[in-house]
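We did not get these values from a lab; they are worked out from the coordinates using the rules stated. Predicted model only: the values in this text are computed from it and were never measured. Note that each Cβ is placed from the backbone with ideal geometry, even for glycine, and that neighbours are counted across all protein chains shown.
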Amino acid sequence: MCDTVAAVFGQPVHAFVRIDFSAFEKIVDDLGGIDVYCQRGFYDYLFKDGFAQGWHHLSGKRALAYARYRYVIGPEGDNFAREMRQQQVVNAVKSKLQNVTPQQATHLLAAISTLSNATETNLTTGQMISLYSTFHNIDPRNVRHVSLKPLTTTFEVTRLAEPGQAVRPRTGNYGEVQAVMRDIFRSGNQISTDDQIQLAATPPAPQPQSMLLKLN
């Protein structure tokens, strides 16, 4: 996957953190939950569950549902909508991590690595502490949110072994995608389509709830 992303975007991928569902839930729960603003309420007709518009304090299980639900009628039902919601969740986790020390953050990642063989990283402990110290207090205005929706087209895959939908660059090559990556910090505008939620339009967060960081 690192090689594919590097080839598509024209940027090397030096490091990764792979976290499965159970580890994701544990991270969120150990941080005391996260606060996410649902800009556009939606209902998943398969799981018979949904989220109303407004701020939500989410447990690990609820945060995973918010990031994963796809059986939704309307604009929140496509994979690109999930992509933007997943960016919201990552932002919310980052916000909570601002309140812990580098050692606590490293301990948190080390603890979840014992949950399953599917959770791993090629970062060393020293590298994780360095990255956390450098970026955990970054100004949210310097975090860029990008969706591939305006840069791609959706098509049906008809191969018997791989039926379903896929995306490809609308120009026939990855030049446009790579140009967006190259110039990403020259503009503060969110790159998405008009029917997607606009993360820059998120209203101020409510007063933060007390956080209990559990390091078992």
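How high is the relative contact order of the stretch 16-201, given as a whole-number percent (alpha carbon pairs under 8 Å, six or more residues apart)?
Once normalised by length, the contact order is 21 percent.
For Ile129 and Ala166 in the same chain, what is the full-extension length gain: residue separation times 0.36 nm, less their Cα-Cα distance, in nm?
The Ile129-Ala166 span can extend by a further 9.6 nm.
Between Tyr45 and Val17, what is the FRET efficiency for a Förster distance of 41 Å, r being their Cβ-Cβ separation, to the nearest 0.05?
About 0.80, to the nearest 0.05.
Suppose R0 equals 25 Å. What FRET efficiency, 1/(1 + (r/R0)^6) with r the Cβ-Cβ distance, do Asn79 and Ile138 give to the nearest 0.05?
0.40
Share of antiparallel DSSP beta bridges in the chain, in percent to the nearest 5?
Counting only bridges with both partners in the chain, antiparallel ones make up about 95 percent.
When the chain is fully extended, how far beyond the present Cα-Cα distance does Ala118 get from Gln53, taking 0.36 nm per residue of separation?
Taking Ala118 through Gln53 to full extension adds about 20.1 nm, to one decimal.
Between rounded, prolate and oblate, where does the stretch 114-156 land on the alpha carbon gyration tensor, with a ≥ b ≥ c its root eigenvalues, rounded for a/c under 1.5, else prolate if a/b exceeds b/c?
Taking the square roots of the gyration eigenvalues as a ≥ b ≥ c, the stretch 114-156 is oblate.
Could you count how many Lys pairs in the chain have their Cα atoms under 25 Å apart, skipping same-chain pairs fewer than 8 positions apart?
For the chain, qualifying lysine pairs total 12.
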